[in-house]
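Data first, discussion second: the structure below is written as structure tokens.
Since every read-out is calculated from the coordinates, none of them should be taken as a lab result. Note that the structure is predicted; figures quoted are calculated from it, not measured. So basically every Cβ, Gly included, is an ideal-geometry build from the backbone, and we count neighbours across all protein chains shown.
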Amino acid sequence: NAPTTAVFGSVTVNNNANINAAGGSGIFAFNEGVGNILVSDGTGTTITATVAGTTASGFAQYGIGAFGYEAGNTNVTAATGSTITSGSTGIDAVNQATAISAAAASSVTVVALGSINSGVNTTNSGFAPAGIQAGFNPNSAFDANVNGNVLVNFSGTINAAAGAGIRAFDYGIGDVAVNLGY
């Protein structure tokens, strides 16, 4: 299905369980319409999303993947005491909309208070993995038609096997803030 502004709704995932994803992402939440995405990973949970070798079936092994394709806020929270171990990026929260008006400005917010162990496999977009990856990426190039802000609040640990610890970006118009020791 292609993203569409004709569909409205929000996606919410509240996780309080341990997840062992044998062939893909631990949590994979996406919204192809206009609306919000909220992913909350509870205290003391463990998400393991790794497979020996490379990414299986073209899907990166994210601990938590949250992807929006139209206007809407994307919020991911990993609570104190949570542990994410991934074959690729630990938390990947990205909006890939190609048009978000200033009036509908959106946000991507990640609050991570636990432990993240990211892997070596590239993301589905071909980028190096990171502990946390958060931002707006309409086409891997600046797009003045995309309006939104990015916020990462981090107070935990990241062990990055390859790539960056935190990668926060905005290929549109908006602010990017990263707070460490939040």
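Among the chymotrypsin sites (Phe, Trp or Tyr not before Pro) found in the range 67-155, not one is both in a DSSP coil and sparsely packed, with 10 or fewer other Cβ atoms within 10 Å of its Cβ. When each of the peptides 82-91, 163-172 is scored by the mean number of other C-beta atoms lying within 10 Å of its residues, the order from highest to lowest reads 82-91, 163-172.
Semi-axes of the equivalent ellipsoid of the range 106-170 are 22, 16, 6 Å, computed as sqrt(5λ) over the eigenvalues of the C-alpha gyration tensor in descending order.
Assign one of three labels to the range 56-150, namely rounded, prolate or oblate, based on the Cα gyration tensor with a ≥ b ≥ c the square roots of its eigenvalues; rounded applies when a/c is under 1.5, prolate when it is not and a/b is larger than b/c, and oblate otherwise. It comes out oblate by the Cα gyration axes. Our summary of shape: the Cα atoms of the chain have principal axis extents of 40, 36, 28 Å, ordered from largest down, in whole angstrom.
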